[in-house]
Amino acid sequence: MHLSLVSGIVYDEDYNTNYCVELVSQPSTTAPDRAVLAPAYRRTLKPEEVKSSFGEKVYDQLIVSSTYLGTFGASLASAYILKYNHWGNKNIFAPVRDFIEKEIVSKPIFGAARSTDVIHNQAHYVAEIASLMAGGTVPVVPFKILENRRIDIINGLNEKYGMGLNTPEERDAAQKRINDLPLQSWGSALLGRGVAMGATFAAGIPFGTQIEKAQIAIAKPLVNAASLGERLYKYDAERPQFIGKMLVMDGTWSAYTSAILLVFSRLAAPFIGDEKHTPPAAPTQPDSRVTHTQLPQRLQSPSASYQLNG
């Protein structure tokens, strides 16, 4: 145990705590016979002034990656199922596409003087987006569950690996920020998903043809790889193209919608989220002035070494 005396402040390296000290006996290089210690003044930092703790950084990476991968996988599965599976003798994708073409895409607001083929292609693309969106809604469930446990997860990571912050003031401010994090409700999570879906259709309907051309160009290597599957497994000729294009579409739109879900659900949580997390009770603070006989045994030992710097 080492104590440093600097301008009347004792710094306890074992507990990373500052104390104001009043020496009562004659000063010496050994432990004083009696001292009065009080917690030193600490400047209060605002939570926004302190960088993220280790637990916050790890959790943010976890929620971003898991939301993206969950959305990507569920969206791709739903698009494939809706495209190639049948319920009875009826395929679901075709009537959805026809409805979008007749009731939405064909309206003049989405472009005038378009040919029938252009309208049909736009409707087909938007229907593919809708099939992706159907599956992409499923990860909202684990997203909401993870978000409502993020305070416990962050605290657990910080407790095990440390906060990665240098001073007690920084750690106190970071802990206050963590404890004040709002929890998600189903309303805030679904609102974030709804905004993501709306933003996707808002971009996909008017600019679907241009976006699709770019995605098809990017998907060419994937289409060529999928064509090998066509020859090996006797798939129909259109399926490899669909798979290649869906991989690129899904990668693009999943990143877009995952980011919007995370941002807007967290913005909504303070207003329509669940009740705040109740942090554990703070440890009892020591008396403002403590005499030698009241100090822990490790500070009473005559053999305890003191380093006097002033």
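Relative to the current alpha-carbon distance between Leu62 and Lys107, full extension at 0.36 nm per residue lengthens the span by 12.0 nm. Rounded to the nearest 20, the Cβ-based charge dipole of segment 47-272 about its Cα centre (Lys and Arg +1, Asp and Glu -1) stands at 560 debye.
Net charge of the neighbourhood of Glu212, taken over other residues with C-beta under 9 Å away and scored Lys/Arg +1, Asp/Glu -1, is +1.
Taking 45 Å as R0, compute the FRET efficiency from the Cβ-Cβ separation of Glu159 and Ser115 and round it to 0.05.
My answer for the efficiency is 0.10.
Go ahead and run the numbers for FRET between Asp172 and Asp152, Cβ-Cβ distance against an R0 of 25 Å, rounding to 0.05. For Asp172 and Asp152, the calculated efficiency is 0.85. Taking a ≥ b ≥ c as the square roots of the eigenvalues of the alpha carbon gyration tensor, segment 47-272 is prolate, as a/c is not under 1.5 and a/b beats b/c. With each label modelled as a point 7 angstrom along the Cα→C-beta vector, the Ile218-Val138 pair spans 2.3 nm.
Measure up Lys83/Lys213; Lys102/Lys144; Lys83/Lys220; Lys107/Lys144 against 32 Å on the Cα-Cα distance and list the ones that go over.
Details: Lys83/Lys213 20 Å; Lys102/Lys144 36 Å; Lys83/Lys220 20 Å; Lys107/Lys144 37 Å.
Beyond 32 Å: Lys102/Lys144; Lys107/Lys144.
Could you work out the relative contact order of segment 46-176, using alpha carbon pairs under 8 angstrom and six or more residues apart, expressed as a whole percent? That works out to 48 percent. Calculated FRET efficiency, Leu69 to Tyr256, Cβ-Cβ distance, R0 = 22 Å: about 0.90 to the nearest 0.05.
Here, each number is a calculation from the coordinates, and none is a lab measurement. Keep in mind it's a predicted model, so treat the numbers as computed, not measured. Positions of Cβ are backbone-derived with ideal geometry, glycine not excepted, and every protein chain shown enters the neighbour counts.
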